[in-house]
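The values are calculated or read from the model by the stated rules, or taken from the named source; none is laboratory data. Every value quoted in this text rests on a predicted model; they were computed, and no experiment measured them. Cβ atoms come from the backbone with ideal geometry, glycine included; neighbour counts cover every protein chain shown. These area figures cover heavy atoms from the full protein model, side chains too; ligands, DNA and RNA do not enter into them. Shrake-Rupley method; radii C 1.70, N 1.55, O 1.52, S 1.80 Å.
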Amino acid sequence: MSTYPPTQCGLATFTASLLRALTTPGSGDRAGVVRVVESPTYADRPEVVARLLLHSPAGEQPAVAALERHDVVIVQHEYGIYGGADGEDLLPVLRQLRVPVIVVLHTVLSQPTEHQKAVLEQVVALAGVAVAMTEAARTRLIAQYAVEPDKVVVIPHGAPETRPLRRLKSSDRPVILTWGLLGPGKGIEWAIAGLRLVRHLVPRPQYVIAGQTHPKVLAEQGEAYRLKLYSKVRALGLAGLVSFERAYLEQDRLDRLIERADVVLLPYDSPDQATSGVLVEALAAHKPVIATSFPHAVETLGGGAGLLVPHRDGPAIGAALKRVLTEPGLVTGMHEEAERISQRSGWSIVAERYRTLATSLLSRAPVPL
């Protein structure tokens, strides 16, 4: 149960990738999707077996009935995708389920409100097992929330199995890439500020910012954030270095864009990001990464696949970019470490971990930590 394509968000993409990996030919497994939607839709894919219609009286009943027809339920949890305060409308669904539930936690806040904390604690209590995607997220969950430690396991975010590898060439214009839905908190303004430190390099780098504005941000604030970024680019005299790809990128087009990139930049503001699909995809493409010090990045990049910078620090971002764009030996080491990391996080490996987890719940065997 999750958002699901054609909904455009990270959880939808994650769910589609996990579903494909769980139902590969020869696996013997079948799976369906209960798609979380805010309004009735009429063009769902065949694998969508029901919808959880938010803000609707008894809207959970078709979802519960469909989920009960399966052996195990995997619930993607993020505060913003379910109805009610802090997504509390998920709780009545979980209370009605009699089949085992695996809940996948995409955010574990370090400073939750009392209500956010209570909601997440109840979600975990109602599940058979909770999946965190990093050791940092598991540690935070156990230390700061009232949950049973034995119910929390770590399964990493999956990555594409193969990616083309492109090395920096001295004759090319280096491409710096940030992608994803755009909105406040992405930290793009700090990345733009950091470009001042590399604008005189030869050849001049190009910073590509790819992705449409997040639909919820667009509904509430319009394009105010994007316009702020445009103004910052002009004010700093960086128009020749920055370009925007405004469309939501389908996977094939995104793959081509990632292939062109020489470094992937994740300048996110939040220190709470327990997992990042962009980070995983960048490493699967064996790309050097520069990221702010959010938990997933700290845990993943510490071995040398990338550089960590403080949050909201344009000069630090610029200094890191200069290193990646001018130190070939550093880049070679990053490529090699990214390749090593991606080999153990492919979607087929991740899907097998979920199969093992589901089997343990069905057999009432101890959960494999």
Residue hits (the stretch 98-118; over 16 Å from Arg140 (Cα atoms) and in a strand (DSSP E or B)) are Val101, Ile102, Val103
If you go through the stretch 1-16, how many residues are at pLDDT 90 or above and buried (at least 20 other Cβ atoms within 10 Å of the Cβ)? 8
Would you point out the residue of the stretch 39-64, among those that are aliphatic (A, V, I, L, M) and more than 18 Å from Gly84 (Cβ to Cβ), that is most open to solvent (accessible area, probe 1.4 Å)? Ala43
Would you confirm, using the coordinates I've provided, whether Ala159 is open to solvent by less than 40 Å² (accessible area, probe 1.4 Å), hydrophobic (A, V, I, L, M, F, W, C), touching a residue at least 60 places away in the same chain (Cβ under 8 Å) and over 25 Å from Ala85 (Cβ atoms)? yes
Here is a list of conditions, (1) open to solvent by 60 Å² or more (accessible area, probe 1.4 Å); (2) in contact (Cβ under 8 Å) with a residue 60 or more places away in the chain, and Leu308 meets all of them except one; can you say which number that is? (2)
Filter the stretch 314-334 for residues that are buried (at least 18 other Cβ atoms within 10 Å of the Cβ) and not hydrophobic (A, V, I, L, M, F, W, C); which is farthest from Ile102 (Cα to Cα)? Gly318
Give me a count of the residues in the stretch 191-219 that are touching a residue at least 60 places away in the same chain (Cβ under 8 Å), over 16 Å from Leu229 (Cβ atoms) and part of a helix (DSSP H, G or I). 3
Residues located in the stretch 220-230, provided they are at pLDDT 95 or above, of a type in the set (D, E, K, R) and outside any loop (DSSP other than H, G, I, E, B): Arg226, Lys228
All-but-one check, Ser171 against (1) outside any loop (DSSP other than H, G, I, E, B); (2) modelled with pLDDT under 95; (3) among the hydroxyl-bearing types (Ser, Thr, Tyr), failing number (1)
Going through Glu189, Glu148 one at a time, which residue ends up being open to solvent by 50 Å² or more (accessible area, probe 1.4 Å) and of a type in the set (Asp, Glu)? Glu148
What number of residues within the stretch 65-81 satisfy the criterion of being open to solvent by less than 30 Å² (accessible area, probe 1.4 Å) and modelled with pLDDT of 95 or more? 6
